[in-house]
Structures are given as structure tokens and as C-alpha cells.
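What follows is a set of notes on a single structure, which appears directly below.
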2 protein chains.
Amino acid sequence: MSAILDSFDNISKAAPEPIYQQIKKIIQQRVTSGEWPAGQKLPSENELVSALAVSRMTINRALRELTQEGLIKRVHGLGSFVAEVPRHASLIELQDIALEIEADGKRHRARILSQETISASVEIARQMELPTASRVYYLCAAHYQDDLPIQLETRYVNPAAMPEFMDQDFSRITPTAYLLQQFKPDEMEHRVRAVIPRREERELLAMQSGQPCLQLTRRTWHQQQVVTHVTLTYPGDRYELGARYATNEYQLR
Amino acid sequence: MSAILDSFDNISKAAPEPIYQQIKKIIQQRVTSGEWPAGQKLPSENELVSALAVSRMTINRALRELTQEGLIKRVHGLGSFVAEVPRHASLIELQDIALEIEADGKRHRARILSQETISASVEIARQMELPTASRVYYLCAAHYQDDLPIQLETRYVNPAAMPEFMDQDFSRITPTAYLLQQFKPDEMEHRVRAVIPRREERELLAMQSGQPCLQLTRRTWHQQQVVTHVTLTYPGDRYELGARYATNEYQLR
DNA sequence: GTAGCATACTTGTATATACAAGTATAGCGG
DNA sequence: CCGCTATACTTGTATATACAAGTATGCTAC
């Protein structure tokens with residue numbers, strides 16, 4: 001075990017980032033890199049205390065939050081373990097479609113259908129919490145997995161929150177990746193529904209007539225502002241949304 | 001402010017339930033009852049320390065977790081506030097359809113279509129993590145909102161985990177409510193897809209031909225066992241799933 | 001051999017304390 | 001009247017310490 005502990009990155013106590021966050025990232029990296037496979041026993045809290053020279057309460061907070069997020073499991077009296085099921089939590093985490101596709105070993109490609117500045121309709125303005133006819137950035141793109149269309153993205157962006165959005169080349173970086181690079185959202189809202197695609201959408205997704213789509217609408221906030229409002233349309237027969245989590249904290253209302 | 005504080009329930013220090021949980025419940029109750037409306041400023045941590053006679057770290061943990069769950073918002077240097085948007089987190093919390101409907105002021109009614117013990121098919125056995133052909137309980141029900149069908153429920157239950165499941169009268173208590181009454185799941189998995197309903201489903205849901213359904217499949221675990229595997233089918237034009245949350249902890253993988 | 005007990009190690013929770021850092025306000029000086 | 005500063009109050013984080021309680025293991029008594 002000491003071999004593992006010896007190789008820990010150093011914790012910087014006077015950092016912009018809290019210590020418990022640094023610890024979470026270290027462990028997350030160990031798990032996602034495969035260095036600690038599913039089922040692997042983690043070092044005990046006391047071992048981590050010695051290895052990282054921080055207090056046990058700080059370790060405890062990091063591990064508790066990782067449990068809550070489903071990355072690890074803890075058994076009272078026994079120890080902490082890497083969770084068996086690599087959670088597939090598209091509905092909770094903000095997942096970049098390109099990473100998702102590449103994680104499957106496939107190739108991702110985006111085709112930009114439209115990228116312009118428009119005047120917000122009543123409905124869009126309402127969704128973005130802006131005055132009607134405000135200028136907003138509009139982007140429409142199709143995402144392909146090995147040349148098979150898998151997602152249609154219709155995105156509105158608040159220029160006040162994201163002034164340089166239109167300067168990006170979104171065939172190189174996905175809008176989701178770019179937005180996350182800029183800042184971490186404070187809050188988000190998801191809505192999921194089943195719809196029959198319009199003819200145009202159906203053709204872009206290369207779907208047979210009569211087949212349904214799964215449509216995910218997401219709004220994200222940063223500093224009390226709606227940053228972006230995006231609708232993602234998936235072919236119902238080629239995609240499903242999923243999530244798995246530990247339910248420690250959640251209960252019936 | 002003291003009026004509010006004076007009326008706090010007592011915290012029992014030697015209880016089966018941890019103190020921070022009790023505090024969470026007290027605050028949750030204040031919020032959901034409407035006593036503390038959206039935007040209301042909560043007592044500060046120090047005020048709660050005095051009022052409840054527990055340490056600030058305990059208060060802090062309770063409030064931090066409530067923030068994570070989206071019930072309250074905290075602003076560094078300012079205070080804690082009841083969240084503006086009553087989160088509609090069907091995809092995270094286990095929501096009882098009857099409560100959901102009644103919260104809208106409508107009437108809920110369930111019609112039991114089938115309730116029997118069957119032998120698990122290969123697929124069902126796999127989902128339930130049981131040997132093929134194990135005996136499992138099977139329930140099929142339709143849920144109505146003011147006589148309009150709104151959800152089709154197809155449920156398989158592990159008899160080992162829920163021996164008395166078949167003795168219940170599910171026109172009086174919904175299966176979800178009964179299961180939650182019995183115990184809180186440790187873990188759950190959700191999958192969401194868009195499908196065209198089979199003819200039988202379409203008729204039960206009083207849908208027009210060609211319209212899509214939203215289908216949510218959920219498995220829940222308790223003590224390493226799959227307790228139940230349920231598929232909920234909603235008319236695409238009458239229902240959408242939604243969730244809103246603070247994203248403090250979540251980030252791109 | 002085996003049942004039961006003692007022990008060591010684990011996580012879970014609670015407390016007191018400390019300091020950092022963000023927000024609002026009162027009050028002062030110009 | 002305006003702008004600055006000091007101050008008080010808030011949340012955010014980190015620590016040391018303590019005890020409770022669950023799990024596994026090895027030892028002892030029978």
C-alpha cells in the first residue's frame with residue numbers, strides 16, 4: 001500500500017483550490033485513469049492522513065463527497081472501495097458529447113449548420129431571462145459518431161456572459177467543452193421529453209419516418225445569469241440517457 | 001428572527017438519527033411547509049448554533065448538504081436563503097406519482113392490471129441479478145390524473161427483499177410509496193429513452209397513433225440486492241421529466 | 001474443532017477552535 | 001454629496017480531538 005501512497009502528488013496548502021477538492025481530484029484521477037480499478041480498496045482515512053499530511057476531517061470530507069457522487073463506496077468498519085459501476089451520469093454531470101463518443105473508441109465530428117447573432121424571440125428571451133428581442137448568439141450543429149448522426153444541438157448563448165463565443169471554431173472544440181472551459185456553472189436545469197422530430201431534424205439525424213427522438217433541454221446559470229439554453233435531440237433508437245448514483249442523501253419529498 | 005428560532009423542535013443528541021440529519025429535516029420541513037418561502041433568509045449558522053445548541057460544524061454540514069441538494073442557496077459573506085426554484089427533481093429523487101399529482105391539486109387513481117408471481121425471463125433475471133427462472137413478483141398498473149391516464153407502471157420485485165409485497169392493496173397505496181415506506185434504497189439506476197408504444201400501451205394511455213412515449217427504467221438496490229426493477233411509460237405529449245440542481249460538486253469527467 | 005471473546009482497524013459523527021474571505025453598512029473626511 | 005475606511009457579520013475551510021459503532025481476525029476456553 002505504501003507504494004501507492006508514496007506516489008501521491010503534493011497537496012498545496014496555500015492554493016486557490018481548497019485541500020479537499022485537491023484530494024478529490026487526485027483520487028478521481030487515480031480511478032478514471034484505471035490505476036485504481038473497480039473494487040480496489042482505497043487507502044484508509046488514517047493512511048491518507050499520514051500520506052498527505054492533512055487532518056482526517058479533510059480526508060473524510062473528500063471521501064464523503066466522492067461517495068455522494070458515486071465514484072467510491074464506503075462500508076462502515078471495513079474501508080472505502082472504488083465503485084463497481086462506472087456511473088454513467090449524463091443527466092447529472094455535464095457531459096461533453098465528444099468525450100463521450102471518444103470514450104467509446106469512436107470518432108467524433110461536428111458539422112456547424114448555423115452560427116449567427118439573432119434577436120431573441122419571446123420564448124427564447126423568457127428562457128434566457130433577457131428582454132425580448134435581445135441580441136443572442138445562436139448555434140446549430142450536428143454531431144456524428146463515426147459518420148452516423150447522433151445528436152442535434154440547438155444552442156442560444158447570452159453574449160453578456162460569453163462575449164467571445166462567436167469567435168470560436170466549433171468544428172475544433174465542442175460548444176459544451178468551450179463553455180466548461182470558460183467557467184463552471186453554478187446551477188443547471190434539465191428537461192427531458194419524447195417528441196416526433198420535424199422533417200428537417202429527421203433528415204439530419206438520418207432517421208426513419210415515425211421514429212421518436214429524445215430531447216434534452218438544458219439551461220445553465222453562472223452568477224445569476226442564464227449563460228446558455230441548449231436543446232439536444234437524439235435519435236430514440238440510437239441513444240438513451242442514464243444515470244446511476246448512491247442515494248445517501250435523497251429521499252421522497 | 002428569534003420567534004422563528006424559539007419554535008425549533010428539539011434535537012435529540014442520543015438518537016438513532018445523526019444530528020445533522022435531524023437539522024436537515026427540520027429545515028426541509030420549514031421550507032416544504034411554506035413557512036419559509038422562496039428567497040427567505042435562513043438563520044445564520046451562529047444563530048442556529050445558539051438555537052439548537054450544537055456545534056457550528058454540524059450546522060455547516062447540514063446546510064452544505066441542503067445546498068448540494070438544491071433546497072437552499074448560500075452566498076459567501078451574506079447568508080443562506082431558501083432556493084427560488086422549488087427543484088423538480090424527478091430524475092434524482094424518487095418521486096411518488098400520487099404525491100406528484102396531488103401536489104398539482106389533481107386527483108390520483110391507480111388501476112391494477114396485473115399482480116402475480118411469475119418466473120423471471122432471462123432478461124428480467126439479468127436485470128434483477130437473480131438466477132434465470134427465479135420467482136419474482138410482477139405488477140402492472142395504470143396511473144390516472146383526474147381520469148386521464150398519465151403513467152404505465154411495469155414492476156418486478158425481488159421476493160427476498162420484499163416478502164410482503166403481494167399482500168398489499170395497491171389501489172390504496174402506490175407501489176413506490178410502499179417500497180419507500182419499507183426502506184430507503186442505497187443506490188439506484190435510471191435509464192431514459194423515447195419509444196413508440198406498443199398498441200396495447202397506446203390504448204391504455206389513450207394516445208393517438210404515432211405519438212411517442214417517454215420511458216424511464218429504474219432499478220433500486222438495498223444491501224447489495226436489486227429490490228425492484230420498474231419501467232414507467234409516459235405519454236410524450238403529456239409529461240416531461242425535469243431536474244434542477246446546484247452544481248457545486250459536479251464537473252466534466 | 002468450535003464457539004465466543006478480545007482486539008485492532010475501519011468509517012461515522014460531533015465538538016471546539018481558528019483563520020480566511022466575501023458582503024453590507026455606518027461613519028468619517030474631504 | 002461623494003468616496004473611502006473601519007467594522008461587524010456572514011459563509012468557507014482546516015485542524016485536533018473524541019467517542020461510537022461496524023467488521024474481521026486471531027486467540028482462548030471448552
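Give the dimensionless ratio obtained when the Cα radius of gyration of segment A:62-191 is divided by 2.2 N^0.38 Å.
For segment A:62-191, the normalised Cα radius of gyration comes out at 1.32.
For label points placed 7 Å from Cα toward Cβ, what is the shortest-first list of nm distances from B:Ser50 to its copies?
4.5
Report the relative contact order of chain A, percent, no decimals, based on alpha-carbon pairs under 8 angstrom and at least 6 residues apart.
Once divided by the residue count of chain A, the mean separation gives 16 percent.
Let me confirm one metric for peptide B:180-187, namely the mean number of other chain beta-carbon atoms within 10 Å of its residues' beta-carbons.
The shielding value for this peptide is 3.
Select from A:Pro16, A:Pro235, A:Pro149 the residue whose mean-square fluctuation is largest in a Gaussian network model of chain A (Cα-Cα springs shorter than 10 Å).
Largest GNM mean-square fluctuation: A:Pro16.
About its Cα centre, how strong a charge dipole does segment B:9-64 have in debye, to the nearest 20, once Lys and Arg get +1 and Asp and Glu get -1 at the Cβ?
Charge dipole of segment B:9-64: 180 debye, to the nearest 20.
Using only the Cα atoms of segment A:2-82, construct the convex hull and provide its projected area averaged over every direction, in square nanometres to one decimal.
5.1
Give the nm distances, rounded to one decimal, from A:Gly39 to the matching residue in every other copy, measuring between label points 7 Å along Cα toward the beta carbon; shortest first.
A:Gly39 label point versus its equivalents elsewhere: 5.5 nm.
Using a Gaussian network model of chain B whose springs link C-alpha atoms within less than 10 Å, name the residue from B:Ile150, B:Ile19, B:Ile72 with the highest mean-square fluctuation.
Of the options given, B:Ile19 has the highest mean-square fluctuation.
Determine the shielding of peptide B:56-65 by partner chains: average, over its residues, the number of Cβ atoms on other chains within 10 angstrom of each Cβ.
1
Please sort A:167-176, B:62-71 by packing, taking for each peptide the average over its residues of neighbouring beta carbons within 10 angstrom, highest first.
Descending mean neighbour count gives B:62-71, A:167-176.
For chain B, what is the charge dipole size about the Cα centre, in debye to the nearest 20, if Lys and Arg each add +1 at the Cβ and Asp and Glu each add -1 at the Cβ?
Here the size comes out at about 500 debye.
Between the chain alone and the structure with every protein chain in place, find the residues of segment A:205-221 that drop at least 10 Å² of accessible area; heavy atoms, 1.4 Å probe.
A:Gly210, A:Pro212, A:Leu214, A:Trp221
Just to be sure I understand: with springs between alpha-carbon atoms less than 10 Å apart, which residue in B:His76, B:His190, B:His108 has the highest mean-square fluctuation in the Gaussian network model of chain B?
Comparing B:His76, B:His190, B:His108 in a Gaussian network model of chain B, the most mobile one is B:His76.
For chain A, list log₁₀ I(q)/I(0) at each q in 0.08, 0.12 Å⁻¹, using the Debye formula over Cα point scatterers of equal strength and ignoring solvent, two decimals each.
Evaluating at q = 0.08, 0.12 Å⁻¹ gives log10 I(q)/I(0) of -0.41, -0.86.
Projected onto the charge dipole of the protein assembly as shown (+1 at Lys/Arg Cβ, -1 at Asp/Glu Cβ, origin at the Cα centre), which of A:Gln182, A:Thr154, B:Ser171 gives the Cα projection farthest towards the positive end?
The listed residue farthest towards the positive side: A:Gln182.
Using a 7 Å offset from Cα along the direction of the beta-carbon, what are the separations from A:Glu84 to the same position in each other copy, nm, ascending?
With the label placed 7 Å along Cα→Cβ, A:Glu84 yields 4.4 nm.
Taking the Cα centre of the protein assembly as shown as origin, work out the dipole magnitude from +1 charges on Lys and Arg Cβ and -1 charges on Asp and Glu Cβ, in debye rounded to 20.
Magnitude of the dipole: close to 220 debye.
Per residue of A:191-201, what is the mean number of Cβ atoms on other protein chains within 10 angstrom of that residue's Cβ?
Mean inter-chain Cβ contacts per residue within 10 Å come to 6.
Using alpha-carbon pairs under 8 Å, 6+ residues apart, how would you state the relative contact order of segment B:97-235 in percent?
Values: 261 pairs, mean separation 32.9, N = 139.
This gives 24 percent for segment B:97-235.
No solvent, one uniform scatterer per C-alpha: report log10 I(q)/I(0) for the protein assembly as shown via the Debye equation at q = 0.10, 0.13 1/Å, two decimals.
Each listed q corresponds, in turn, to -0.93, -1.56.
Return a single number: how many Lys pairs in the protein assembly as shown, at a sequence separation of 8 or more or on separate chains, have alpha-carbon atoms below 21 angstrom apart.
20
Select from A:Ser44, A:Thr32, A:Gly70 the residue farthest towards the positive end of the dipole of segment A:2-82; place +1 on Cβ of Lys and Arg, -1 on Cβ of Asp and Glu, and compute about the Cα centre.
A:Gly70
The values are calculated or read from the model by the stated rules, or taken from the named source; none is laboratory data. Since we're looking at a predicted model, the values are computed, not measured. Note: ideal-geometry Cβ built from the backbone for every residue, glycine included; neighbour counts use all protein chains shown. Note: accessible area is taken over every heavy atom of the protein model, side chains too, but ligands, DNA and RNA are not part of it. Shrake-Rupley method; radii C 1.70, N 1.55, O 1.52, S 1.80 Å.
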